[in-house]
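Here is the structure we will look at.
The values are calculated or read from the model by the stated rules, or taken from the named source; none is laboratory data. All of these numbers come straight from a predicted model, not from anything done at the bench. Reconstructed Cβ throughout: ideal geometry from the backbone, glycine too, with neighbour counts over all protein chains shown. Surface areas here come from the heavy atoms of the whole protein model, side chains and all, with no ligands, DNA or RNA. Shrake-Rupley method; radii C 1.70, N 1.55, O 1.52, S 1.80 Å.
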Amino acid sequence: MQKEKLTGKIGVDTGGTFTDIVLSVQNFQLTHKVLSTPQNPADAVIKGVSEIMKMHNINSYKDIAIVHGSTVATNALLEYGGARIALITTKGFEDVIEIGRQARENIYDLCVQRPKPLVPAKHRFGIKERTLHTGEIQTEISQDELNTLARKLKTLNLDAIAVCFLFSYVNPKNEQIVADYLHNLNIPISCSYEILPEYREYARFSTTVANAYIRPVLEKHLSTLSESDKFPRSFHIMLSNGGCISTENFESAGINTVLSGPAGGVIGAYNIAKPAGYDRIITFDMGGTSTDVSLCDQKITMTTESTISGLPIKVPQIDIHTVGAGGGSIATVDSGGALRVGPESAGAVPGPICYGNSGENITVTDANVFLGRISPELFLGGNMSLAVDAINHHLRKLSDKVNLTLLDTAEGILKIANATMERAIKVISVERGYDTRDFTLVSFGGAGGLHAAFLAENLGIKTVLIPPNGGLLSAYGMLFADVIKDYSQTVLWKTDHHVEELHRQLEIGFEVLLTQAVKDMKREGFAVDQLLINRSLDMRYEGQSYELCVPYHSKEKNFLPEFHAMHQQRFSYSRPDAVVEVVNLRLSAIGETEKPKSKKAPLSNSDPSKARIKKGQVIFDGKNCPTEFYSRESLKPGNRVKGPAVITEFSATTIVPPNFVAEVDAYGNLILQESP
């Protein structure tokens, strides 16, 4: 089966403030931006895609592939805006999702509040059943209990149901019995053996419940798109693992989309930085509502451990750390009179004060405008005017509360936001045994270029790479997404017996996962010989409660040295004499898609002054500095711009501080480094 030849591909990223669209046609990338519509995100998607196609005279979706990254699932969890759901579980374990774990993020906070469970106690039902850890069914489910359960559920006006039994990852029979019996209720059912066939009941229950909670909301969003006469019926949805899957085969695992937008950004950053010669990067994606960071050490880093709104979500995803600091983050004054920034955001509506939409809260974007770092007449290529005068009034009210000048308040807002983002970068680097000085900071997102140089300087990072159209990189990254499906199975095998026997067991276990992968990917249009299969093992020392994911290669029977080396790098010690456990088998099936190709241009010695737009006053460290403003589209590869400078483009603005210099490389990237 040959890959389908398409004349174009569209990446769509729905953000908190803007919805970004990138159209790739014959290896040319065309871009568009529209304000997001939080009340119905599909409206902005349909509007943006329709407009970009009309702008470039494309009248049919026949030869256009669309990959859509959405924040619908994430927002449903963050804002508790999901469905009315019920939980069916083993009797006596109804409160697992509320009890959670003993770990406390703020251990000394006497007033800490646990996250509200997604299922209220009155909607949690326990039934008599028991599957042993061996897979043996000790207690079967009675017909009377099923009848009673069904009668109760009919009275609750539910949108979805989650079914989570003990040890169903070993033998799912009892979960299947309940799901089959409740099928006639015509309510979507999420079973833990399908969503997460792994041990640790709290994480499994939490992930399955979260899937049920967001499923109706996500399905409504996707159906709104597919049923519109201005959008194709079939398209692809971006997943948190950096891949995508068609909506026709999406089925029930909506939980795999919770980080789809940020995942597109990491994919895009990696595929832009690598051809330019940078394969050890830290991605820095600063948007309107949040900042996402990820570390890529010669490959994109994956994880199965994440928490959203205090809830563990244990599905394969790109390792991304998120903080509530973005261009729309609101500056406030706490009870002690100190200035705070975020995590609350002005979003798309009303947005920052400078947007002129009746906003009253000073944001990071407003502070940048006040300091002259964003030119009001050049914002979004001059297509959106900014209400500068309104900023002064509200900034004065804020500065009076903190007893600072307007200037100090504005710079203070940026310094606090930068400190929050620096801490986020340290979480994924320093705290994991990496030195930030060994990496290049790849900055994107609508607000990234305004802050990247200052972060790099504070973290000791020597080079900053800012790709073209950085404000739309998440949408651009979706053009690189392959079709990917992930599979896992808990095994809990020890390595203290014969290696040959363990290797045989591993091969048998992976064969089961591979059979399912081939079946599923065939529905996506890929034959078995077109698939790239990646196998890995979650491993730990006996007695530990956390694992490391180690690549597994069938021909290399001794995978223990790599585990010991990874443990040494991550935790600064290893125990080669200890018994090692294989906890989970993991398999990823990848169907490669056509991707944009990097274009390399010859370097020019031309004078960058031809790209100058104007000269203005920009404030750096309390001083008013005469600053040149440049059009990025007019800069040529090889051009060198000394700071202070502001480089503007349609989707973003880049600040070159006084002690930095920016150079355009052969791929059109801006490379920022401190001046010699």
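Results, tabulated for the structure shown:
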read-out	value
For the stretch 237-276 versus the stretch 164-201, the gap between their alpha-carbon centres in whole angstrom	26
Accessible surface of the stretch 446-561, 1.4 Å probe, proportion on carbon and sulfur as whole %	53
Two-decimal Rg to Rh for the stretch 510-611 - Kirkwood Rh, Cα set	1.24
Backbone HN-Hα couplings from phi across the stretch 569-577 [Karplus 6.51/-1.76/1.60, Hz, Gly and Pro as x]	5, 7, 10, 6, 7, 8, 9, x, 8
Binned Cα-Cα distance frequencies in the stretch 553-676 - 5 Å width, integer %	2, 9, 13, 13, 10, 5, 5, 7, 9, 10, 9, 5, 2, 0
Proximal charge balance of Ser294 [Cβ under 9 Å; K/R count +1, D/E count -1]	-3
Prolate/oblate/rounded label for the stretch 204-273 (Cα gyration tensor, a/c 1.5)	oblate
Vicinal HN-Hα couplings computed from phi for the stretch 410-415 (Karplus, 6.51 cos²θ - 1.76 cosθ + 1.60; Hz; Gly/Pro x)	4, 5, x, 4, 5, 5
Exceeding the 32 Å Cα-Cα cut-off - candidates Lys397/Lys636; Lys426/Lys519; Lys397/Lys623; Lys397/Lys462	Lys397/Lys636; Lys426/Lys519; Lys397/Lys462
Per-selection Rg to Rh, the chain - Cα, Kirkwood hydrodynamic radius	0.98
Kirkwood-type radius of the stretch 412-451, with distances r between different C-alpha atoms, in Å	11.2
Sequence ranges 361-374, 72-85, ranked by mean other-Cβ count within 10 angstrom, highest first	361-374, 72-85
Separation of alpha-carbon centers, the stretch 300-315 and the stretch 88-123, rounded to whole Å	18
Kirkwood Rh (inverse of mean 1/r, distinct Cα pairs), the stretch 433-567, angstrom	19.0
Mean shadow area of the stretch 191-349, taken as a quarter of the surface of its Cα convex hull (nm²)	12.7
Alpha-carbon centroids, the stretch 514-550 and the stretch 406-440: separation in whole Å	35
Mean shadow area of the stretch 45-192, taken as a quarter of the surface of its Cα convex hull (nm²)	14.5
Considering only the chain, percent of DSSP beta bridges that pair antiparallel, nearest 5	75
Sorted peptide list for 164-174, 108-118, 219-229, 135-145, criterion being average Cβ within 10 angstrom, highest first	164-174, 219-229, 135-145, 108-118
Accessible area in square angstrom per residue, the chain, 1.4 angstrom probe	44
Calculated from backbone phi, Karplus (6.51, -1.76, 1.60) coupling profile of the stretch 172-184 in Hz, x at Gly/Pro	x, 3, 5, 5, 5, 4, 5, 4, 5, 5, 7, 4, 5
